[in-house]
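Taking it in order: structure first as C-alpha cells, then the write-up.
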Amino acid sequence: MRKLYLKTLGICLSLFAMNVNAQTTYYVKNDGVAGASATSWATASNDLQEVINTAAAGDKIFVAKGTYLPNRPANNLTAVDPLNRDNAFVIKNGVSLYGGFAGTETAENQRVAGNVTILSGDLGGNDVEEDGTNGTTYMTLNKTDNAYHVVLALGITNTAVFDGFTVTKGDAAATTALTLTVDTRVIDKRLGGGIYILDSDVNFKISNVTTINNRANYDNNTDGGGGGGFYINTSSPVIENCLITKCYSTHATPKSGGANYGAGMSIVLASSPTINQTTFLENFGGSGGAVAINGGATNACSPVFTNCTFRLNRGQARGGAIDVRSSKPTFTACLFSENTAMGSGGGGVYNYTGRATFVNSIFQRNNASTSNGAAYGSQNGNNGAVFINNTFYDNRNIYGNTLGYSTGVYVNAVSAGVSTEYPDKKTYLYNNLFFGGVAQYNTNKTTIDLYVSDIMLIGALENNLIQQTAYASNGVNNKMNINPAFISTSSGHIGFLAPSNTSPAKDAGNDAYNSTTLDFNGRARRNGTIDIGAVEYYTVLPVSFLNFTVKAITAGAQLNWKVASETNNKQYIISRSKDGKNYSLVTQVAGAGTAVTAQSYSYTDQSVTEGTYYYKLEQEDLDGTVNYLATQVVKIGLSLLQ
C-alpha cells in the first residue's frame, strides 16, 4: 500500500509540475476579435493589452503586422478608455511579446522581414508625418492627445522578451510633476515617452526594436530625466539590435537641440543595462543628445555599450551623443560620428561628474561650437577617463578662441577630495590615434588633439600616435606629428581608418593594455603586436575592389558593392551562411567584363528570416578563376532598421 501511495503521489506531482511549466502562445492581429480566446491565429484577438492581462509567466504573445494603440489606462487595465492619455501597453513579468508576424507562423523564428508591427501613442490618429518640407515642425504638431507612454515595463525580473516592434509617438510631455501609480510604482509623465523601464533586471531582453518620434519633457531634477525613446530607472535590461531615432524633448526645435537629459535614452540611478549593436541616430536633447547616464548619489550606474553607433545626434547644452554623470559607463567598438554639441562642448561625449572607459572605438567628424573637446569633453569636477585603442579622426572645434581648445580629448580639473567611488581620478591614454582634427581658430596648434589643464591629471600617455600635442615629453613611446597612412579615410570603404602595411601605427601599440580579441571591425585584434588605434591592419583586398556593405531593410538584406575597375570579369558570386563556415549560393551577378571606371552593384536578398547572416562576395574571371573579395555580417531584425 505504501508503494502505491508513493507512486500515486509522484504522478500527481509530475502533473502539477507539467501544469506549472506549460507554456501558452497567444495571438493578436488587427482583424481579430476582442474577447476571443487568442490561442491561434484563427481565434486571434485585436486587443493586445487584454491578451497581456490573460497571459501568465512563461507565456508568449505573437503580434501580427499592423498598428496597435494602447486602449486601457496603465493603472486600470480592465477598463477600456481609448482616448485616455494614461493608456499604455503594460508588459507583465515573465511574459514575452514578439512582433513582426504575417499572421500564419507558429514560431518566432519563422518571421521574415517586412511585417512591421507598430505600437503607437497617437490615440487621436492625427499626428503629422514627415514629408520633407516640415522637418522642424512635424514632431511637435497635434501631440496634446497622445499617450504619455507607449510601453511600460515595471518589475520585470522573470525571463521576458520584447522583440520585433516599432514604438512611436509616445509623448511624456507633462509640464508639471504629474505622476501615475501602477502596481505601487510611481510613473512620471515627463519621462520615457516610448519605453519606460523601472525596477527590472537582466532577465528582461529588448531586441529588434525601433523607437522613433517619441518625446519627453525636461524634469529639472538631480536624477536626470528625459529619455524620449527609453527611460531606464533602477534597471539593467539587455538591449540588442535596436534603433533609437528622432527622439527629442518637448522644449526642442526638432533637428537642432533641446533641454532634457538623454533625448534618445536616459539611464538613471542603480541601472547597468547591457546595450549591444544598437544605433542612436538623429536624437536631439540638452545634455546628451542620444544618451544621458546618471547614477545619482550612489554612483551605482555602469552601463556597457558594445558595437553601438552614435550618429548625427545633437546636445544643445553639452554632449552631442553622451552625457556622463555620477556613473562608470564602458564603450567598446562603438562609432561616434557627426555628433554636435553646443554650450559646454563634448561633441561626442561629455564627462560631467563620471568616469568613462573607451576601447576600440572611433570618434569621427564630431563637432563642438564652443569650448572643450569636439570628440570628448569634461567638466571641471569630473573623475577622469580611460582611453584604450581608439581612433580620433577629422573632429572639429569651431570655437572662436585662440588657445587651449581641442578637437580630440579635453582633460579638465577633477573633483576635489577623496572618493571611494572614484579613488583614481586621472585620465589614461594607451594605444590611441589622433589625426586630422581641425580647430580653425586655435593658434596654439599643440593642443588641438589633446588639451590638459594640468599635466598631473594624466595617469599615463603611452604608445599613442598624436598629430598635434604639447605633451609628448610627458608620455612613453608616443609618436608625434606623423601621418598614420590609413588604407582609406572614406567612410564605407572596407579599409576605413585601418593602418596600411607601412603605417607607423602598425605593431606599435602595447599588448598589455588591451585584452580584447576583436578590433572595431570584428577582426582579430592582433596580427603580431597590437596596432595603435581602433582598427587592426589586415591584408588589403584587390586594388580594384572598393567596398562591400550589407544592411537590414524591411524587404530583407540589402547588399551593395563597388569596384574601381574590372579586367576580364565574368561575374560576382554571393553566398550566405548562418554560422560563418558553411555557405550556400544565393545568386550570381554579371560583371562589366573590362571597365576602367568605377562600377556599383546591388542585390536584395528577400529570402532571409530573423537571425544573423554572413554574406561572402567572390569574383569569377572569364577563365573560371574565382577570387575571394569580402565577407560581411548582418543581423536581420523585425523593425524599421534602416
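The values are calculated or read from the model by the stated rules, or taken from the named source; none is laboratory data. The shown structure was predicted, so the numbers you read here are calculated from the model rather than taken from an experiment. Please note: Cβ atoms are built from the backbone with ideal geometry, for glycine as well, and neighbour counts cover all protein chains shown. Protein only, heavy atoms only, side chains kept; ligands, DNA and RNA dropped before computing areas. Shrake-Rupley method; radii C 1.70, N 1.55, O 1.52, S 1.80 Å.
Structural remarks
- For the chain, relative contact order (Cα pairs under 8 Å, six or more residues apart, normalised by length) works out to 7 percent.
- Nearest 10 degrees, 0 to 90: helix 2-21 Cα axis against the chain principal axis: 60
- Summary of the geometry: segment 462-476 and segment 110-133, compared by the centres of their Cα atoms, lie 50 Å apart.
- Radius of gyration, Dmax [segment 239-344; alpha carbons; angstrom]: 12.3, 34
- Whole-percent carbon and sulfur share, accessible surface of the chain, 1.4 Å: 50
- In the calculated pair-distance distribution of segment 570-623, the portion above 15 angstrom amounts to 53 percent of the Cα-Cα pairs.
- Linear extension gain, Thr594 paired with Thr612, 0.36 nm per residue minus alpha-carbon span: 3.0 nm
- Column: log10 I(q)/I(0), Debye, Cα scatterers of segment 486-542, q = 0.12, 0.14, 0.20 Å⁻¹: -0.24, -0.32, -0.65
- Working note: Cα gyration tensor of segment 52-158, eigenvalues times five, square-rooted, sorted largest first, giving semi-axes of 27, 20, 11 Å.
- Separation of segment 316-373 from segment 581-614 is 37 Å, based on Cα centroids.
- Sites Ala177 and Asp145, calculated FRET efficiency, Cβ-Cβ separation with R0 22 Å, nearest 0.05: 0.55
- Cα pair distances of segment 372-423 binned at 10 Å [whole percent]: 23, 44, 26, 7
- Over segment 144-222, the fraction of Cα-Cα pairs per 10 Å bin, rounded to whole percents and listed from the shortest bin up, is 18, 47, 32, 4.
- log₁₀ of I(q)/I(0) at q = 0.12, 0.16 Å⁻¹ - segment 367-470, Debye sum with one point per alpha carbon: -0.36, -0.63
- Computed Kirkwood radius, in angstrom, where 1/r is averaged over Cα pairs of segment 120-167: 13.3
- For the chain, the spread of Cα positions along the three principal axes, ordered from largest to smallest, is 83, 71, 69 Å.
- Using the Cα coordinates of segment 82-131, the gyration tensor eigenvalues translate into equivalent-ellipsoid semi-axes of 26, 18, 8 Å, sorted from longest to shortest.
- Solvent accessible area, Å² - Lys92, 1.4 Å probe, full protein context: 70
- The helix-based estimate of mean residue ellipticity at 222 nm for the chain, built from -39,500 (n - 2.57) per DSSP H run of four or more residues and divided by its residue count, is -1500 deg cm²/dmol to the nearest 500.
- Reciprocal of mean inverse Cα separation for segment 333-397 (Kirkwood radius, Å): 11.4
- Calculated accessible area for the chain comes out at 38 Å² per residue, all protein chains present (probe 1.4 Å; ligands, DNA, RNA ignored).
- Within segment 444-546, the ratio Rg/Rh, alpha carbon atoms throughout and Rh by Kirkwood, equals 1.01.
- For a straight C-alpha distance cut-off of 16 angstrom, the aspartates and glutamates reachable from Lys506 (same-chain residues fewer than eight places away being disregarded) are Glu462, Asp519, Asp531, Glu536.
- Of Lys29/Lys635; Lys205/Lys616; Lys65/Lys169; Lys143/Lys189; Lys328/Lys426; Lys60/Lys578, those spanning more than 23 Å from alpha-carbon to alpha-carbon: Lys29/Lys635; Lys205/Lys616; Lys60/Lys578
- Segment Thr420-Ala56, extension gain: residue separation times 0.36 nm, minus the distance between their alpha carbons: 126.7 nm
- Stokes-Einstein D for segment 499-642, Kirkwood Rh over Cα pairs, 25 °C, 0.890 mPa s (µm²/s): 145
- What you get for the chain, charging only the Cβ of Lys and Arg (+1) and of Asp and Glu (-1), is a dipole of about 700 debye around the Cα centre.
- Area of Glu566 that stays accessible when all protein chains are in place (1.4 Å probe, Å², to 10): 10
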